[in-house]
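Chemist: Before we start, here is the structure in question, set down as structure tokens.
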Amino acid sequence: MLPYFRKSENNERGADEYHGSGGPLNVADLRSPNPFVKVFLEAARQAGLPANGDFNGASQEGAGPYQVTQKNGERCSSASAYIGPARSRSNLAVITGARATRVLFEGTRAIGVAYRGPGGDTEVRAAKEVVLSAGALQSPQLLLLSGVGPGPMLQRFGIPVVQDTPGVGRNLQDHPDFVFAYRSQSRDLFGISVSAAWYMLKAWWEYSRRRRGMLTTNFAEAGAFAKTDPSLELPDVQLHFVIAIMDDHGRRLHWGYGYSCHVCLLRPKSVGHVRLKSADPFDAPLIDPNFLSDPADLEGMLRGFKLTRRVMDSPAFDPYRLSEMFTTGARSDDEIRSILRARADNVYHPVGTCRMGSDPIAVVDAELRVRGLERLRVVDASIMPTLVAGNTNAPTIMIAEKAADLIKASARL
Ligand SMILES: Cc1cc2nc3c(=O)[nH]c(=O)nc-3n(C[C@H](O)[C@H](O)[C@H](O)COP(=O)(O)OP(=O)(O)OC[C@H]3O[C@@H](n4cnc5c(N)ncnc54)[C@H](O)[C@@H]3O)c2cc1C
């Protein structure tokens, strides 16, 4: 896979054995790192974590700043990296504001897609093949709506069965995550106050003139990959240090200033699923990550919680820490377990619901074709057989680069 990671990447630090340059996806160091990055890294050092300037290099272990997918201080999304530069091609049409509702089949051959868009219900025909890239939560939903999935479930919703594929929607994996949050008096952090409006205005001015300043932040500016037990071969938890108070994914706002730190388990054993709520493509699917159903995950999170607390309690944070917001009082292992059960959540890395493989539960083969069907591939995070031990965006783009080569090779045949 390394050649495809390198192919996708334009790392502003330059190419090396692990990184590419000249690829569409721009990877950069933050242009205006927040002063709290240094505080976090010093705290990590005090807690005994080694320093690491490149998690995506020879070794993952240690604490360091995150590189970001940005170009000129702006998010370099997969749309701006890949679709923008290809917009003028005569063989590309982009239809926005449209929802694919079903893959169309003739027998077991995919022949097109039905969608509802600005012009109402429409069908498009595929000259060669159909590629689903609706992500780990919605590619399985789209397959199920199209009659590809566990036969009994499809029949229950009155969906004609094209193929009984029991694995569609199974094997959902994500990183269970817990967030520590602290109140602080420092105005270097993001927060809500009367004076924040003035800071934002200044930040906006700097961003519009120089593409620098606070507004170029990715919020999770630094982090760590750590072993909760020194005898482990590889890190088992990841930390994301955030320069604001994070509560309920940023939906619950708090007056004042603060900082947070996520800790997630990198190789969870618990497995969930995505199912249909109804046969209506506009209904969201039912998603159950089944977090902490395997007792080993709760114990892994417990060790990760203690390690992270050690970092956040380090002297480097003493001048800035006013109070801990969510975990006060949880000291014994049982108290920590109970707070983990109450507050652990996901960190946006769902994968695995159209898993690649060759066993009966696998959905796609090694060329990402839906097994048993013709001219239909799935290309997104859903095909990962197991969750990667890190963030999932670059690996998904790597999968797409590999898929492009597979598709071109089969078109040549
Ligand atoms: C809040 C958040 C923060 C994240 N932060 C990071 C991070 O810092 N680093 C990192 O590496 N990863 C991060 N991730 C994860 C990363 O974004 C995903 O792993 C990656 O985007 C997965 O790519 P995908 O192509 O599988 O799915 P997606 O990126 O979800 O793409 C699927 C697309 O299909 C569209 N779609 C779905 N159903 C239909 C339909 N029926 N018709 C038409 N279109 C449809 C969706 O609108 C979407 O645009 C984050 C995710 C979230 C949600």
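The values are calculated or read from the model by the stated rules, or taken from the named source; none is laboratory data. Please read these numbers as outputs of a predicted model, since none were measured by experiment. Cβ atoms come from the backbone with ideal geometry, glycine included; neighbour counts cover every protein chain shown. Heavy atoms of the whole protein, side chains included, go into the accessibility calculation; ligands, DNA and RNA do not. Shrake-Rupley method; radii C 1.70, N 1.55, O 1.52, S 1.80 Å.
Chemist: How many residues, within the stretch 198-240, are closer than 21 Å to Phe36 by Cβ and more than 27 Å from the chain's Cα centre (by Cα)?
Modeler: Total satisfying the criteria: 7.
Chemist: I need the full set of residues from the stretch 123-142 which are open to solvent by less than 20 Å² (accessible area, probe 1.4 Å) and either in contact with a His (Cβ under 8 Å, 6 or more places away or on another chain) or away from the ligand (no atom under 11 Å from the Cβ) (or both), in order please.
Modeler: Within the stretch 123-142, just Val130 meets the criteria.
Chemist: Can you report the number of residues in the stretch 193-233 which are hydroxyl-bearing (Ser, Thr, Tyr) and crowded, with 17+ Cβ neighbours inside 10 Å?
Modeler: 4
Chemist: Same structure, new question: What are the residues in the stretch 147-161 that are crowded, with 24+ Cβ neighbours inside 10 Å, within 16 Å of the ligand (Cβ to nearest atom) and within 15 Å of Ser278 (Cβ to Cβ), if any?
Modeler: Gly149, the sole residue that qualifies.
Chemist: Identify, by number, the condition in (1) out of contact with any Ser or Thr (no Cβ under 8 Å at 6 or more places or on another chain); (2) over 24 Å from Val263 (Cβ atoms) that Gly57 doesn't meet.
Modeler: If we test Gly57 against (1) out of contact with any Ser or Thr (no Cβ under 8 Å at 6 or more places or on another chain); (2) over 24 Å from Val263 (Cβ atoms), just (2) comes out false.
Chemist: Which pairs have Cβ atoms under 8 Å, sit 6 or more apart or on different chains, and link a residue in the stretch 389-403 that is more than 20 Å from Leu172 (Cβ to Cβ) to one that is in a helix (DSSP H, G or I) and within 8 Å of the ligand (Cβ to nearest atom)?
Modeler: Once the first residue is more than 20 Å from Leu172 (Cβ to Cβ) and sits in the stretch 389-403, its partners that are in a helix (DSSP H, G or I) and within 8 Å of the ligand (Cβ to nearest atom) give Ile397/Ser78; Ala400/Ser78.
Chemist: Go through the stretch 240-276 and give me each residue that's surrounded by 17 or more Cβ atoms within 10 Å (Cβ to Cβ), more than 15 Å from the ligand (Cβ to nearest atom) and farther than 14 Å from Phe326 by Cβ.
Modeler: Tyr257, Leu265, Arg267, Pro268, Ser270, Val271, Gly272, His273, Arg275
Chemist: Give the residue, chosen from Arg375, Arg341, Arg371, Arg412, that is closer than 24 Å to Leu266 by Cβ, surrounded by fewer than 22 Cβ atoms within 10 Å (Cβ to Cβ) and more than 14 Å from the ligand (Cβ to nearest atom).
Modeler: Arg341
Chemist: Another question about this same structure. So which residues in the stretch 123-135 are more than 17 Å from Leu368 (Cα to Cα) and in a strand (DSSP E or B), if there are any at all?
Modeler: If the condition is that a residue be more than 17 Å from Leu368 (Cα to Cα) and in a strand (DSSP E or B), then Glu123, Val124, Arg125 are the ones that fit.
Chemist: Here's another thing I want to ask about it. Going by the conditions given, is Ala362 open to solvent by less than 10 Å² (accessible area, probe 1.4 Å), in contact (Cβ under 8 Å) with a residue 12 or more places away in the chain and more than 14 Å from the ligand (Cβ to nearest atom)?
Modeler: yes
Chemist: Another one. Filtering the stretch 173-219 down to residues that are in a strand (DSSP E or B) and closer than 28 Å to Cys76 by Cβ, which residue is modelled with the lowest pLDDT?
Modeler: Among those that are in a strand (DSSP E or B) and closer than 28 Å to Cys76 by Cβ, it is Gly191.
Chemist: I've got another one for you. Quick one: in the stretch 324-338, which of the residues that are among the small types (Gly, Ala, Ser) and modelled with pLDDT of 95 or more is most open to solvent (accessible area, probe 1.4 Å)?
Modeler: Once the filter is applied, the top-ranked residue is Ser338.
Chemist: Identify, by number, the condition in (1) within 18 Å of Gln141 (Cβ to Cβ); (2) within 14 Å of the ligand (Cβ to nearest atom); (3) open to solvent by less than 20 Å² (accessible area, probe 1.4 Å); (4) not basic (Lys, Arg) that Ile397 doesn't meet.
Modeler: (1)
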